[in-house]
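A.B. asks: Dumping the structure here so I can ask a few things about it.
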Amino acid sequence: MKRTGAWLTVYALEQIGARFTFGIPGVHTTELYDALNSSNRITQILVTHEGGASFMADAVGRLSDSIGVLTVVPAAGLTHAASGIGEAFLDGVPMLVISGTDTPHRYQLHQMDTHKFMGGLTKATFRVTSHDEVVPTLFKAYEIATSGEPGPVFVELPVNVLLMTDEVGELPQFQPARPPMVEAGAAIAQAADLLLSAKRPAIFAGWGARDAPGELVKLADYLQAPVATTLQGLSVFPASHPLHTGFGFGASAVPAAQNAFRDCDAMIAIGTRFAEIATGSYGARVPENLVHIDINPAVFNANYPAKVAIAGDAGAALRQLLSSLEAKAPRRAANEALREQIRKDKAAYRESWYRNDAKGIVNPARFFDELRRRMPDDGILAIDDGNHTFLTAELMPIHAPKSVILPTDFNCMGYAVPAAIGAKLAFPNRAVQAIVGDGAFMMTCMEILTASSNGLGVVYYVFNDGELAQIAQAQSIPYGRKPATTIGKLNIEGVAMATGAAFVAMNDNSEIAEAITRAGSIAAAGQPVIVAVRIDYSKKTAFTLGAVKTNFGRFPLNEKLRFLARAAVRHVVG
């Protein structure tokens, strides 16, 4: 039979279970979009910008069993999408990036070396040259994207292959690869012995443990160990558990985590690379007795040496470890003193935020208290990059697995608006809300038109203070001033009118409950909602204070004196 390359592409995408494609059609992909339009399994989502498409695809890949798929033109389409592709690459999120390409002539529209460009942003790149390569290449790309530490894979499809027909034989059926077994019997036994001999073991869990929340809870209960998470891993362990301490555990962590981890003599880290944000600019101290589990062996000993390193899937490794522990010793009795200390520390930290109440502005702790009360446990929260990121991490308790998505290692502003759309598409029956600063909001806010066009009731809480708050705070502490961080006056209600969203104002604490209730009611009817939150950023997060202190502590003495003297002079003059 004769088939176009576009038909074969759709066949392959249906075989691997793709549910959506995200992008903007162009001259290289018209045939592909026409073929996709005939599919009853895949929905095309037209976006306002390819950067938004990549963040939507990221959200689908992070949260669901389906892979996010980009269908974009080469050059401009790829460069616009690059931020989201890079975010997926550094955060370990599976994604297929499909673009058309030209015929062999030179100086054509959108002509560039796409493979050189994509080489640093993806796990692999492919260029299909004939019809019989289309399906096996896409199957291989999917396998690479979803195996090991996941990530994006780029596939280039020539326009002549997409457009023209050619004879193809019997088409292969996709066979999912079996997850690799963890071959670490000796290391598992060694890890069990190390943890059992510890007086104060602790657990640090990252995004790599997202599919093992039950095993993490069992391990924490067995060891009676406090649990901290990375920023990306906020939802891997329930904040309602009495051994949950919060985000991070070092000098940039909240008091509950700092105190619970201060004297730990052994740590098990699962699904984390000990990256910069997770360690508060590497200010966290890790005990000598470190057990490190990760699917990517390249992360071992990169920043902190591991006494025991176990390469493999977090769930499989934890199940083997639990079996080994239970065979060696009974579960430890509940550590009531530790649990009570964690409870008191959390309560005291929240009280410190309540004491920061001010008139005519919204207290972040009171906002998140109300949001938590009214948001279902399985509701999905998309968070952007900025000061609001760390406010959310420290003040919003997360109860369910895979209920939070946010940019971390690539740290890309503009993520939350489109990512929330991807989340709502993947899970239309779950409440989806976004926390986004006004600076990040301006980068991708027009993508809310995509939500309106598809009847997606997403609630966007825009923390509005007129500054790029995280950088402004980082500037004000050492410099005493905040250059180039005041943003233009943003008419958020005007953005709502332009994109078909409803608008709700939240100007002070008295309006929090009513605004959240109203926004939720409108969203439930299928309309996106923008809530302008007049947020109080005057109190700095533990992360901001800790990170600044950690980085300043690394300065040579003469540089410390120079910074302090300059700040003192500016304070007096100011």
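A.B. asks: Which residue is surrounded by the fewest Cβ atoms within 10 Å (Cβ to Cβ), if the candidates are limited to the range 21-64 and must be under 30 Å from residue 441 (Cβ atoms) and among the acidic types (Asp, Glu)?
C.D. replies: Among them, the one singled out is 50.
A.B. asks: Tell me the residue from 204, 154 that is part of a strand (DSSP E or B) and farther than 30 Å from residue 33 by Cα, please.
C.D. replies: Criteria check complete, one pass: 204.
A.B. asks: Condition first: touching a residue at least 12 places away in the same chain (Cβ under 8 Å) and either part of a loop (DSSP other than H, G, I, E, B) or among the β-branched types (Val, Ile, Thr) (or both). Can you find one or more residues in the range 314-328 that meet it?
C.D. replies: Filtering the range 314-328 down to residues touching a residue at least 12 places away in the same chain (Cβ under 8 Å) leaves 314-322, 324-326, 328.
Imposing the further condition that a residue be either part of a loop (DSSP other than H, G, I, E, B) or among the β-branched types (Val, Ile, Thr) (or both) reduces the set to none.
No, every residue in the range 314-328 fails to be touching a residue at least 12 places away in the same chain (Cβ under 8 Å) and either part of a loop (DSSP other than H, G, I, E, B) or among the β-branched types (Val, Ile, Thr) (or both).
A.B. asks: Restricting to the range 205-218, what's the tally of residues that are out of contact with any Phe, Trp or Tyr (no Cβ under 6 Å at 6 or more places or on another chain) and surrounded by 24 or more Cβ atoms within 10 Å (Cβ to Cβ)?
C.D. replies: 5
A.B. asks: Could we say that residue 495 is in contact with a strand residue (DSSP E or B) (Cβ under 7 Å, 6 or more places away or on another chain) and over 18 Å from residue 454 (Cα atoms) here?
C.D. replies: No: the conditions fail for residue 495.
A.B. asks: Could you give every pair whose Cβ atoms fall below 6 Å, whose first residue belongs to the range 280-305 and is not assigned by TED's automatic domain parsing to the domain that holds residue 259, and whose second residue is modelled with pLDDT of 95 or more, counting only separations of at least 6 or pairs across chains?
C.D. replies: Cβ pairs passing all conditions: none.
A.B. asks: Also, quick follow-up: Give the residues of the range 300-354 that are surrounded by fewer than 19 Cβ atoms within 10 Å (Cβ to Cβ), among the acidic types (Asp, Glu) and more than 30 Å from residue 536 (Cβ to Cβ), sorted by residue number.
C.D. replies: Correct list: 326, 336, 340.
A.B. asks: If you take the residues in the range 433-479 that are surrounded by fewer than 20 Cβ atoms within 10 Å (Cβ to Cβ) and assigned to a loop (DSSP other than H, G, I, E, B), which one is modelled with the lowest pLDDT?
C.D. replies: Ranking the qualifying residues of the range 433-479, first place goes to 466.
A.B. asks: Could I ask something else about it? Go through the residues of the range 335-354 one by one and say whether even a single one is under 22 Å from residue 210 (Cα atoms), assigned to a loop (DSSP other than H, G, I, E, B) and not small (Gly, Ala, Ser).
C.D. replies: Checked against the condition, which is being under 22 Å from residue 210 (Cα atoms), assigned to a loop (DSSP other than H, G, I, E, B) and not small (Gly, Ala, Ser), the range 335-354 yields no hits at all.
A.B. asks: Checking residue 55 against (1) farther than 24 Å from residue 121 by Cβ; (2) in contact (Cβ under 8 Å) with a residue 60 or more places away in the chain: exactly one of these is not met. Which one?
C.D. replies: (1)
A.B. asks: Now a separate question. What helices (runs of 4 or more DSSP H) completely inside the range 1-109 contain at least 1 residues that are farther than 24 Å from residue 421 by Cα and either modelled with pLDDT of 95 or more or not assigned by TED's automatic domain parsing to the domain that holds residue 440 (or both)? Steps first, answer last, please.
C.D. replies: On the way: elements: 5-15, 30-37, 50-63, 76-91.
Filter on the range 1-109 gives 5-15, 30-37.
A.B. asks: Oh, and also: Can you confirm whether the range 356-368 contains a residue that is at pLDDT 95 or above, closer than 25 Å to residue 277 by Cα and assigned to a loop (DSSP other than H, G, I, E, B)?
C.D. replies: yes
A.B. asks: Kindly evaluate residue 489 against the criterion of being in contact with a helix residue (DSSP H, G or I) (Cβ under 9 Å, 6 or more places away or on another chain), of a type in the set (Lys, Arg) and free of Cβ contacts under 8 Å to residues at least 24 places away in the same chain.
C.D. replies: no
A.B. asks: Then there's this: If the requirement is being in the same structural domain as residue 233 (by TED's automatic domain parsing) and part of a loop (DSSP other than H, G, I, E, B), which of these qualifies: 199, 218?
C.D. replies: One residue alone meets the criteria, 199.
A.B. asks: Quick one: in the range 249-279, of everything that is among the small types (Gly, Ala, Ser) and either in a loop (DSSP other than H, G, I, E, B) or outside the structural domain of residue 304 (by TED's automatic domain parsing) (or both), which residue is farthest from residue 234 (Cα to Cα)?
C.D. replies: My answer is 251.
A.B. asks: Could I ask something else about it? Restricting attention to the range 386-400, which residues are in a loop (DSSP other than H, G, I, E, B), modelled with pLDDT of 95 or more and either in contact with a Gly (Cβ under 9 Å, 6 or more places away or on another chain) or under 17 Å from residue 415 (Cα atoms) (or both)?
C.D. replies: Answer for the range 386-400, where residues must be in a loop (DSSP other than H, G, I, E, B), modelled with pLDDT of 95 or more and either in contact with a Gly (Cβ under 9 Å, 6 or more places away or on another chain) or under 17 Å from residue 415 (Cα atoms) (or both): just 400.
A.B. asks: Among the listed residues 16, 42, 67, identify the single one that is over 21 Å from the mean Cα position of the chain (by Cα) and within 15 Å of residue 141 (Cβ to Cβ).
C.D. replies: The match here is 16.
A.B. asks: Please state which of the following conditions residue 322 fails to meet, knowing it meets all the rest: (1) under 20 Å from residue 246 (Cβ atoms); (2) aliphatic (A, V, I, L, M); (3) touching a Phe, Trp or Tyr at 6+ places or on another chain (Cβ under 9 Å); (4) not assigned by TED's automatic domain parsing to the domain that holds residue 516.
C.D. replies: (1)
A.B. asks: Can you pull out the residues in the range 517-573 that are of a type in the set (D, E, K, R), in contact (Cβ under 8 Å) with a residue 12 or more places away in the chain and in a loop (DSSP other than H, G, I, E, B)? Lay out the reasoning, then the answer.
C.D. replies: Step one: list which residues in the range 517-573 are of a type in the set (D, E, K, R), which gives 518, 534, 536, 539-540, 549, 554, 559-560, 562, 566, 570.
Now restrict to residues that are in contact (Cβ under 8 Å) with a residue 12 or more places away in the chain: 518, 534, 536, 539-540, 549, 566, 570.
Correct list: 534, 536, 539, 540.
A.B. asks: Out of (1) free of Cβ contacts under 8 Å to residues at least 60 places away in the same chain; (2) aliphatic (A, V, I, L, M); (3) crowded, with 16+ Cβ neighbours inside 10 Å; (4) within 30 Å of residue 135 (Cα to Cα), what's the single condition that is false for residue 168?
C.D. replies: (1)
The values are calculated or read from the model by the stated rules, or taken from the named source; none is laboratory data. Because the structure is a prediction, the values reported are computed rather than measured. Glycine gets a Cβ as well: all are built from the backbone with ideal geometry, and neighbour counts include every protein chain shown.
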